[in-house]
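Below: one structure, written as structure tokens.
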Amino acid sequence: MADITDYEHGISAIDSGFGRPRLDAIHLIVQGDRAALVDTGTNASVARVIEALQAKGLRPEQVDYVMLTHIHLDHAGGAGALMAVLPNATLCVHPRGARHMIDPSKLLAGTIAVYGAEATKRMYGDIVPVPPERVLETPHETTVRLHGRELLFLDTPGHARHHVCIVDRRSGHIFSGDTFGLSYRELDRDGRQFVFPTTTPIQFDPDALHRSVELLLDFAPGAIYVTHYSQVRDVPRLAADLHRLIDTHVELALREKDAGEQRHQRLVAGVTAILLEEARRYDWRLARERLIEVFAMDIDLNAQGLGSWLDSTG
């Protein structure tokens, strides 16, 4: 059965099943007898989405929108397969990402460059294209209506140039994809939540990411829904931590920019040290070994992303 967490305002998180429990959320918005989804997980997530719709008394025909925060495959790899079973849905995606949903060959090649062909195939399977007539490009300040409920798209580069965040005007909450970082529920302590930036390759841009976080704060959201994993509150505190940690990652990258063949290894060690320092700062509950296990993929991807940023800045 699908793992569903219900919040207020008709918003729910569906565990996509990617990686480990509660690593990767698909968000469901229900308004009256219509629904929208934010992000899709992978092909393997489709059955979980259908189960979640059934649990809410909804049919696939009642989904009007599938809204992608960005096109990294843990967020969008299942878009084509999901759209194939949602006959009335429109796929909403940043203009830079639309062509890759219609023809995913370059997207797949880029993913292979990061993970390798075998791991990409294992994690994501065959990426299904979306018919162009079912794709709606959503540049900055585009709005759509879900049974009268306005959803506003914001252009939020920094994690990726094809990233949008979605403001739900009914609740005042925001769906942030990876712009507002990672916030794994294993770290929660006595109701207090924590955040960590994701600098995944290849388009990390710290200045743009700082601006995007500030843009989200301009809306004073009562809650933000990150893909990894779901609802966070106390947004100003978390934003301050996120700004600090973005700067800490940049300082690490600049220290190691001339490390040559050892650069990636040193960046991995540096990101690990940042993570462990954050755990000490806030007395996270997880033991050191478990913490590194939870963040293992993120540590490596953050290091890769910092390397890509250094290469792009010369």
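The values are calculated or read from the model by the stated rules, or taken from the named source; none is laboratory data. In this text, all values refer to a predicted model and were calculated from it rather than measured experimentally. Here the Cβ positions follow ideal geometry from the backbone for every residue, glycine too, while neighbour counts run over all protein chains shown. Just the protein is used for accessible areas: all its heavy atoms, side chains included, with ligands, DNA and RNA removed. Shrake-Rupley method; radii C 1.70, N 1.55, O 1.52, S 1.80 Å.
Round to a whole number: what % of the accessible area of the chain belongs to carbon and sulfur, probe 1.4 Å? Mind dumping the intermediate values first?
On the way: 6300 of 12750 Å².
Looking at the chain in its full context, I get 49 percent from C and S.
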- Message: Quick check: with the 1.4 Å probe, what order do VAL30, VAL66 take by accessible area, largest first?
- Response: VAL30, VAL66
- Message: Given the DSSP H assignment, sum -39500 (n - 2.57) over each helix run of at least 4 residues in the chain and divide by its residue total; what's the result at 222 nm in deg cm²/dmol, nearest 500?
- Response: -12000 deg cm²/dmol
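Test of understanding: what is the full-extension gain from ARG185 to ARG266, defined as 0.36 nm times their sequence separation minus their Cα-Cα distance? Before the final figure, lay out each step's value.
Values: separation 81, 0.36 × 81 = 29.16 nm, distance 2.80 nm.
Gain on extension, ARG185 to ARG266, equals 26.4 nm.
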- Item | Alpha-carbon centroids, the range 250-275 and the range 195-227: separation in whole Å | 22
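So what's the range 44-139 giving for Rg/Rh, alpha carbon basis, Kirkwood Rh from the mean inverse pair distance?
Here Rg/Rh amounts to 0.98.
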- Protection proxy ranking, peptides 180-192, 249-261, average beta carbon neighbours within 10 Å, highest first: 180-192, 249-261
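Can you give the FRET efficiency to the nearest 0.05 for ILE4 and ARG244, using r as the Cβ-Cβ distance and R₀ = 51 Å? Can you show the working numbers first?
Values: r = 33 Å, r/R0 = 0.65.
Taking R0 as 51 Å, the efficiency between ILE4 and ARG244 is 0.95.
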- Task: Determine the sum of side-chain charges near LEU154: Lys and Arg each +1, Asp and Glu each -1, restricted to other residues whose C-beta is under 15 angstrom from that of LEU154.
- Result: -4
- Task: Could you state the angle between the C-alpha long axis of helix 46-55 and the longest principal axis of the C-alpha atoms of the chain, as a value from 0 to 90 degrees rounded to the nearest 10?
- Result: 50
- For the range 169-175, Karplus-derived ³J(HN,Hα) couplings (6.51, -1.76, 1.60; θ = phi - 60°; whole Hz; x for glycine and proline) come out as 5, 5, 8, x, 8, 10, 9
- 0 to 90° range, to nearest 10: angle between helix 105-115 axis and the chain longest Cα axis: 40
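Calculate, for the range 36-115, the solvent-accessible area per residue in square angstrom, rolling a 1.4 angstrom probe over the heavy atoms of the protein chains.
Value returned for the range 36-115: 34 Å² of accessible area per residue.
Determine the per residue accessible area of the range 196-261 with all protein chains present and a 1.4 angstrom probe, expressed in square angstrom.
Working: 2650 Å² over 66 residues.
I get 40 Å² per residue for the range 196-261.
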- Item | Label point at ASP283 placed 7 Å out along Cα→Cβ; residues across the range 172-216 whose backbone nitrogen lies under 11 Å | 190
